[in-house]
Amino acid sequence: MNHPEIKPRNIKFALAGEDKRNWFGGNPVATAMLDGASVLFPIGETFFIESVVHFRDRVTDPKLLAEIRGFQQQEGIHSREHRRYNKAVEAFGGNIAELEARLQAEVDKLERDNASPEYKLALTCAFEHFTAMLAEHVLAHPDFLEGAEPEFARIWRWHAIEEAEHKSVAYDVWNLVKPKGLKGYLMRVRAMFKATSVFVGQSRYNAKALLAARGYGGFRNTVLGIAYFSLIRPGVLRKTLPHYLAYFKPGFHPWQTDSSHLIDKYKSAYEA
């Protein structure tokens with residue numbers, strides 16, 4: 001199928017200002033969950049760009065080269081805007097630098113362990129699958145952001161559109177450079193297990209830390225509340241489980257789930 005155009009939208013979102021620590025419908029747990037995920041993006045997306053660009057000289061297809069450029073631009077802008085987002089929400093409570101340092105430690109360990117460029121790219125593919133499936137869930141369920149402060153809802157939908165647009169770029173590069181046969185499949189699976197541990201573990205840790213810093217600590221919010229949000233209502237992790245498991249199919253490709261209609265539904269709101 002023809003993939004949608006990967007179009008960088010250079011938007012600056014107005015998130016700083018008045019105290020909106022419960023911007024997600026007045027729900028401190030839901031707010032902290034999304035803010036905790038945002039903490040991961042500046043470091044994570046820099047890692048994704050570097051992992052893909054490392055193999056650019058092995059790509060000869062002009063279309064894929066153009067998609068790599070679009071991917072770089074989109075992820076670069078995402079990194080910038082989530083740094084601004086994180087600075088804005090830090091004013092509500094929480095030490096963003098400390099939380100970012102935990103993720104940076106994971107990246108640094110890859111370097112100390114001399115992780116191969118192929119494995120780093122496999123990790124990027126896995127993280128991109130996470131972001132794509134969550135993005136497509138947000139776009140497919142307009143009620144998810146109902147009640148959210150408009151500018152926060154706007155940045156998350158913008159990010160979701162662009163994650164869906166470029167969801168196959170890292171994977172298409174991976175298909176060019178991956179180890180052959182079973183070795184490549186097992187590396188991809190191993191990377192997904194690692195990415196799952198990092199994404200879920202760090203997002204949950206960040207949310208707990210932000211809740212505590214904002215005066216909402218305690219078992220009810222930091223354990224029961226996070227579990228309820230993740231698994232019951234809205235239950236994003238539970239509802240996206242089939243999409244997540246599809247990644248383990250030997251013949252998987254991101255565009256086996258066609259999300260072009262979701263991109264088309266929302267992208268006009270972000271055109272200049």
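A few notes on this one:
- Over the C-alpha atoms of region 90-136, the Rg to Rh ratio, Rh being the Kirkwood estimate, stands at 1.11.
- 222 nm mean residue ellipticity, helices alone, for the chain (DSSP H n ≥ 4; -39,500 (n - 2.57); rounded to 500): -21500 deg cm²/dmol
- With the highest mean first, a sort of the peptides 193-206, 137-150, 244-257 on other beta-carbon atoms found within 10 angstrom per residue produces 193-206, 137-150, 244-257.
- Burial ordering of Thr31, Thr60, fewest other beta-carbon atoms within 10 Å first: Thr60, Thr31
- Tail weight of P(r) past 16 Å, computed on alpha-carbon pairs of region 218-271, percent: 63 percent
- Calculated translational diffusion coefficient of region 28-270 (20 °C, 1.002 mPa s; Stokes-Einstein with Kirkwood radius over alpha-carbon pairs) equals 116 µm²/s.
- Across Glu162, Glu136, Glu106, mean-square fluctuation computed from a Gaussian network of the chain (C-alpha pairs under 10 Å connected) peaks at Glu106.
- Segment Asp258-Ala212, extension gain: residue separation times 0.36 nm, minus the distance between their alpha carbons: 12.6 nm
- Each Cα pair under 8 Å and six or more residues apart adds its separation to the average, and for the chain the resulting relative contact order is 31 percent.
- Between Phe219 and Arg83, residue separation times 0.36 nm minus the direct Cα-Cα distance comes to 46.0 nm.
Coordinate-derived values only; no laboratory data. Small disclaimer: the values here were computed from a predicted structure and weren't measured. Using ideal geometry, Cβ is built from the backbone for each residue, glycine included, and neighbour counts are taken over all protein chains shown.
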